[in-house]
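Okay, structure first, notes after.
The values are calculated or read from the model by the stated rules, or taken from the named source; none is laboratory data. This is a predicted model, so every value here is computed, not measured. Here Cβ is always computed from backbone atoms with ideal geometry, including for glycine, and neighbour counts include all displayed protein chains. These area figures cover heavy atoms from the full protein model, side chains too; ligands, DNA and RNA do not enter into them. Shrake-Rupley method; radii C 1.70, N 1.55, O 1.52, S 1.80 Å.
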Amino acid sequence: EKVREWDYPVSCQVRRVTKNGALRWRSTKWVMVSTALIDKHVGLEEIGEGIWRVYFRQKLLGYFDEKSLRIQDEKGRLKRNYV
């Protein structure tokens, strides 16, 4: 059985996680997400000046900070490295 596509809310920017486990940010930068999500789409919802919630389907993965180009979990821990 095939898993159907997920429809993110219109308030989210939808990005595809590439073969290196990262997503492209602002055309020139890379943000590591997870190799487990290769070829999947994630949703980014801006909640403040340069701060975004990152979702895979309905699951909150963490918070993305445009300044550091890193994703933190809900407790503020950095788990991912630069690409």
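Structure notes:
- Of all residues in the stretch 1-26, those satisfying the criterion of being farther than 13 Å from E66 by Cβ and open to solvent by less than 90 Å² (accessible area, probe 1.4 Å) are W6, Y8, P9, S11, C12, V14, R15, V17, T18, N20, G21, A22.
- Pair list, Cβ < 9 Å and 6+ apart or interchain, from the stretch 16-33 residues that are on the phi > 0 side of the Ramachandran plot to residues that are part of a loop (DSSP other than H, G, I, E, B) and open to solvent by 90 Å² or more (accessible area, probe 1.4 Å): G21/V83
- Answer residue from the stretch 41-83, given it is polar (S, T, N, Q) and closer than 30 Å to V3 by Cβ and is modelled with the lowest pLDDT among those: N81
- Cβ-Cβ contacts under 6 Å between residues 6 or more apart (or on different chains), taken from a first residue in the stretch 41-63 that is at positive phi to a second residue that is of a type in the set (D, E), are listed as G50/E66; G62/D73.
- Counting only residues that are farther than 17 Å from I38 by Cα and of a type in the set (A, V, I, L, M, F, W, C), the stretch 1-26 holds 2 of them.
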